[in-house]
Amino acid sequence: MKKIYALTLALAFTACSNTSTKKVAQDAPFKYIVNPTVQTKGMQQIKGLIEGHLKPALMTEMKKDTSGMSGMELCSASAKGIESAYNESLPKDSNVRRTALKYRNPENKPDAIDVAVMNNLKENKNFNPVVIELDNHYRVYKALPTMKPCLACHGDTTAMNSSVKEMINKKYPTDLASNFKENEFRGVIVSEIQK
Ligand code: HEC
């Protein structure tokens, strides 16, 4: 039970970081591939961001304040910095970011390839990593389910803590990432690895 909770929280931390600046062409063709080397490298980077960086920061805030307010403050104020610092520490060929079909932060907006892959993952209820190949790079996608602790900030807005709701309205007026139910497809973490 303890382990499950820790994992859930670990995933919650992925909630708070932001997109990076390394971008690629949005309409490039891609194909799904099986490449254990790329998948392992991508998953290491995805887990490294969660376990080593975002998790400790958000864990502290969620313990301090279970309403989610401190967590919201952390996410909106420092998550971006945490993620870009992590990306700075990665080799130059790699980059990790989060995105979603229904996103909260416009900076996490998906590109056309992200949308195609996410529609696929969502339809197939696939929460395992998948690897795609493009002309000049690979992407490893890991889907995230919405779990109970996520609902504090992504759940039913009528049941949400009023301060959290107010902060979402203020900071993210175009928010699409509320009113999720448990175990829905929430979004992905993507590792991009140059060839
Ligand atoms: C303490 C509040 C809070 C909790 C708990 C939380 N999130 Fe979020 N989440 C946010 C905020 C705020 C953002 C937007 C900030 C940013 O990262 O730019 C966000 C963004 C995200 C994003 C990036 C795409 C987007 O919508 O901008 C994903 C994916 C995500 N959350 C998934 C989750 C999952 C899965 C959980 C539970 C395991 C979770 N979140 C729990 C507050 C939270």
So, by mean Cβ neighbours within 10 angstrom, what's the order for 112-124, 74-86 with the highest one leading? 74-86, 112-124
1/(1 + (r/R0)^6) with r = Cβ-Cβ of GLU133 and GLU51, R0 = 45 Å, i.e. FRET efficiency to nearest 0.05, evaluates to 0.95
Listed residues MET59, MET147, MET72, most fluctuating in the chain (Gaussian network, C-alpha, under 10 Å): MET59
Determine ³J(HN,Hα), in whole Hz, for all residues of region 38-45 in sequence, where each value follows from phi through the Karplus function 6.51 cos²θ - 1.76 cosθ + 1.60 and θ = phi - 60°; x replaces Gly and Pro. 5, 4, 5, 4, x, 5, 4, 5
Distance from a point 7 Å along Cα→Cβ of GLN194 to each backbone N in region 81-119: keep the residues under 20 Å and list them by number. 84-98
Per the helix-only model, the chain has a calculated mean residue ellipticity at 222 nm (DSSP H runs of ≥4, -39500 (n - 2.57) each, divided over all residues, rounded to the nearest 500) of -13500 deg cm²/dmol
Go through region 154-169 residue by residue and turn each phi into a ³J(HN,Hα) via Karplus (6.51, -1.76, 1.60, θ = phi - 60°); whole Hz please, and just put x for glycine and proline. 10, x, 4, 5, 6, 9, 6, 3, 5, 5, 5, 4, 4, 5, 4, 4
So how much slack lies between GLU184 and ASN169, counting 0.36 nm per residue of separation and subtracting their Cα-Cα distance, in nm? 3.2 nm
Of the residues PRO173, PRO145, PRO91, which exhibits the maximal mean-square fluctuation in a Gaussian network model of the chain defined by a 10 Å Cα contact cut-off? PRO91
Quick one: check the C-alpha center-to-center distance for region 163-195 versus region 131-150, whole angstrom. 14
Which one of ILE193, MET43, ILE132 has its Cα pushed farthest toward the positive end of the charge dipole of the chain, where Lys and Arg give +1 and Asp and Glu give -1 at the Cβ? MET43
With +1 on the Cβ of every Lys and Arg and -1 on the Cβ of every Asp and Glu, the dipole magnitude of region 23-86 about its Cα centre, in debye rounded to the nearest 20, is 220
If R0 is 30 Å, what FRET efficiency do you get for GLU88 and TYR32 from their C-beta distance, rounded to 0.05? 0.50
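Rounding to the nearest 20 debye, state how big the charge dipole of the chain is about its Cα centre with +1 on each Lys and Arg Cβ and -1 on each Asp and Glu Cβ.
340
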Given 0.36 nm per residue, what is the gain on full extension from THR40 to ALA77 after removing their alpha carbon distance, in nm? 10.2 nm
Environment charge of MET69, counting only residues whose C-beta is closer than 14 Å and scoring Lys/Arg +1, Asp/Glu -1: +1
Cα shape, the chain, gyration tensor, a/c 1.5 rule: prolate
Charge sum, other residues only, whose C-beta stays under 14 Å from LYS80's C-beta, Lys/Arg counted +1 and Asp/Glu -1: 0
With unit charges on the beta carbon (Lys/Arg positive, Asp/Glu negative), name the residue among ILE82, SER178, PRO149 whose Cα is farthest towards the positive pole of the charge dipole of region 2-194. PRO149
Taking placed amide H atoms and a strict 5 Å upper bound, the residues 5 or more places from GLY187 or on another chain that come that close are LEU144
Lys/Arg +1, Asp/Glu -1 at C-beta; the chain dipole; positive extreme among ALA57, ASN119, SER94: ALA57
Measuring with a 1.4 Å probe in the full set of protein chains, what accessible area per residue, in whole Å², belongs to the chain? 52
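The values are calculated or read from the model by the stated rules, or taken from the named source; none is laboratory data. Note that the coordinates shown come from a computational prediction; the quantities given were computed from them, not determined experimentally. Neighbour counts run over all protein chains shown; Cβ positions are idealised from the backbone, glycine included. Please note that ligands, DNA and RNA were not included when accessible areas were found on the heavy atoms of the full protein model with its side chains. Shrake-Rupley method; radii C 1.70, N 1.55, O 1.52, S 1.80 Å.
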